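**Q** Here it is, the structure, as C-alpha cells.
The values are calculated or read from the model by the stated rules, or taken from the named source; none is laboratory data. These numbers were taken from a predicted model, which means no experiment stands behind them. Don't worry about glycine lacking a Cβ; one is built from the backbone with ideal geometry, like all the others, and counts go over all protein chains shown. Side chains are part of the model used for accessible areas, which takes the heavy atoms of the whole protein and leaves out ligands, DNA and RNA. Shrake-Rupley method; radii C 1.70, N 1.55, O 1.52, S 1.80 Å.
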Amino acid sequence: DFLKRKKNDTRGKAVIANISARVGSIEDNKMGGWYSYRMSKSALNMATRCMSLELKRHSVVAISLHPGTVATDFTKNYRKNVKPEKLFPVDRAARQLLDIVESVEIKDTGKFYAWDKQVIPF
C-alpha cells in the first residue's frame with residue numbers, strides 16, 4: 001500500500017527515518033551493558049538496512065537516526081553526566097533530525113546518522 005501511494009505521489013522524495021540510538025551500534029559499543037535496549041536498537045538498524053536495499057529501487061530512502069541525549073523523562077536518570085551543550089530540548093532534537101531527513105538523497109539510503117549529521121558505523 002505504501003509503495004502504491006508513493007508511486008502516485010508528486011510531492012518529491014520519500015524517506016523512512018527510524019529513531020535509533022548510538023548504543024545500537026555494534027562497532028561503537030565501548031561500554032557494554034543495556035543489553036535489551038542495545039539489542040532492540042541494533043535490530044532496528046538491521047531493519048533499516050534491509051529496507052534501504054529493497055526500497056532503493058522505488059526511490060525510497062531509509063535511514064536510522066540518533067537524536068543525541070534529549071531532555072525527556074526517559075533520560076532523566078542518566079543525563080547528569082551529559083554536558084549541557086549536548087543535552088537537547090525536544091524541539092531542537094526534532095529540528096536536527098528533520099534537517100537530516102530533508103537533506104538525504106537516494107545515495108544516503110541505509111546509513112545511520114547522528115544528530116550532527118555524522119555517519120555512525122553499524
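**Q** In region 84-103, is there at least one residue being closer than 15 Å to ALA14 by Cβ, open to solvent by 100 Å² or more (accessible area, probe 1.4 Å) and within 16 Å of the chain's Cα centre (by Cα)?
**A** Yes; the residues of region 84-103 include at least one that is closer than 15 Å to ALA14 by Cβ, open to solvent by 100 Å² or more (accessible area, probe 1.4 Å) and within 16 Å of the chain's Cα centre (by Cα).
Residue-by-condition table, conditions (1) at pLDDT below 95; (2) part of a helix (DSSP H, G or I); (3) touching a helix residue (DSSP H, G or I) at 6+ places or on another chain (Cβ under 8 Å); (4) of a type in the set (A, V, I, L, M, F, W, C):
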position	(1), (2), (3), (4)
CYS50	no, yes, no, yes
VAL61	no, no, yes, yes
PHE74	yes, yes, no, yes
LEU98	no, yes, no, yes
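**Q** Which of the residues belonging to region 104-121 are surrounded by 15 or more Cβ atoms within 10 Å (Cβ to Cβ) and assigned to a strand (DSSP E or B)?
**A** PHE112, TYR113, ALA114
**Q** What residue, of ASP28, ASP73, is open to solvent by 80 Å² or more (accessible area, probe 1.4 Å) and of a type in the set (Asp, Glu)?
**A** Just one listed residue meets the conditions, ASP73.
**Q** Here's something else I'd like to know. How many residues does region 40-59 contain that are under 15 Å from the mean Cα position of the chain (by Cα) and not small (Gly, Ala, Ser)?
**A** 8
**Q** Out of TYR78, TYR113, I need the residue that is of a type in the set (Ser, Thr, Tyr) and under 15 Å from the mean Cα position of the chain (by Cα). Which one?
**A** Selected residue: TYR113, the only one of TYR78, TYR113 that is of a type in the set (Ser, Thr, Tyr) and under 15 Å from the mean Cα position of the chain (by Cα).
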